[in-house]
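What follows is one structure encoded as structure tokens, with my remarks underneath.
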Amino acid sequence: MMTPKSKMDWMVEQSQQDRAALTADELVARLQLQPPIDPLQVAATEKRLLRTGGSDFGSRYDGKLEFVRSRGLFLLFYNTKYDLGLPNGEHHPRTRFSISHELGHFFIDHHHQSLRSGARAHRSTGEFCSHRQIEREADAFAASLLMPTQFARPIINQQELSMGRIESIAKSFGVSTVSAAIRSVRLSDFPCALAGINGGQVAWMFPSEALVAAGIYPKRGFMPESAKQPWENLQSGNADRTVGEGQVVDWFRTFGNDERHEVWVTEEFHPIPIMNTLIALLTIDENTLVGDDDEHEEDN
């Protein structure tokens, strides 16, 4: 089981990821880009220092950025295996994310300087799969580059999130369902979270700011009872979506705020077979949380 993070640990890590996302937002504004964002177009703006190349690298990696000191250049490689069957010049959402992730390593200053100082080349596989903070920062940059805050936030907050809405958002920005779901949750004004179940346990979780403001925090390294059957279905090849209902205590940490434990959570399970991952969109009626706050104030 994964070592639980303290509230402070989580806040520090999230702050660093938020700064990486802000770096991408600032880049989009500086280059005056409009969605859907072409990450190769972004790379071309740095052609003095950066070269790109794509090929079918099989299972070796989805993206890699390395610094060639003898040439004073960064080389960005991306895997085109997901592009099979697409028209020439078009790229699958996973390919677009991989390119954007490697651009994160290029544009995030301490990543850039680390590579220049002799750090090993970064190799990435998949989206939001690594627990290394440097990779999570590059993921945050990629998600923000492809779904810039100024364009995505108004669309996301037209109403509460559902997997149906997230899929529609994903298509409009040219990103994967997983990437759109994580970015949508992070930009949502409503209390919600996205959990990723892999290897028989919750491997990662992203909350909305409204959820954290209510004293409800991510937890990983466990398997909620309501997720066991959807997970088993995915392992047996059944990619059907399911809907369930649980409580805050089933999914989250509250760090002593026990009055939140019995608040109901709506669960939408969505299998992602290519990643062998089950994602769960977790939403809470904000009126329920407001009611708890009112009662707490009255008690005081």
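The values are calculated or read from the model by the stated rules, or taken from the named source; none is laboratory data. In this text, all values refer to a predicted model and were calculated from it rather than measured experimentally. Positions of Cβ are generated from backbone atoms using ideal geometry, with glycine treated the same way; all protein chains shown enter the neighbour counts. Please note that ligands, DNA and RNA were not included when accessible areas were found on the heavy atoms of the full protein model with its side chains. Shrake-Rupley method; radii C 1.70, N 1.55, O 1.52, S 1.80 Å.
The Cα-based radius of gyration of region 162-202, divided by its Kirkwood radius, gives an Rg/Rh of 1.01. Compactness check for the chain: Cα Rg over 2.2 N^0.38 Å is 1.03. Our summary gives the chain a relative contact order of 15 percent, counting only alpha carbon pairs under 8 angstrom and 6 or more residues apart. Across the alpha-carbon atoms of region 185-264, the computed radius of gyration and Dmax are 13.2, 39 angstrom. By accessible area, using a 1.4 Å probe on protein heavy atoms only, the chain has 47% of its surface on carbon and sulfur.
Here the extension length gained between ARG120 and VAL249 equals 42.3 nm, from 0.36 nm per residue of separation less the Cα-Cα distance.
Calculated accessible area for region 70-207 comes out at 37 Å² per residue, all protein chains present (probe 1.4 Å; ligands, DNA, RNA ignored). Any idea what % of Cα-Cα pairs in region 52-95 are farther than 13 Å? More than 13 Å apart: 57 percent of the Cα pairs in region 52-95. Across region 162-300, the volume of the C-alpha convex hull divided among the residues equals 96 Å³ per residue. Taking the square roots of 5 times each eigenvalue of the Cα gyration tensor of region 170-228, largest first, gives ellipsoid semi-axes of 20, 17, 8 Å.
For region 1-75, the convex hull spanned by the alpha carbon atoms encloses 191 Å³ per residue.
For region 29-99, which trypsin sites (Lys or Arg not before Pro) pass both filters: DSSP loop (anything but H, G, I, E, B) and at most 16 other C-beta atoms within 10 Å? Walk me through the numbers on the way to the answer.
Values: sites: ARG30, LYS47, ARG48, ARG51, ARG60, LYS64, ARG69, ARG71, LYS81, ARG94, ARG96; in loops: LYS47, ARG48, ARG60, ARG69, ARG71.
Passing sites in region 29-99 are LYS47, ARG48, ARG60, ARG69, ARG71.
In this Cβ point-charge picture (+1 for Lys and Arg, -1 for Asp and Glu), region 97-208 has a dipole of about 140 debye about its Cα centre.
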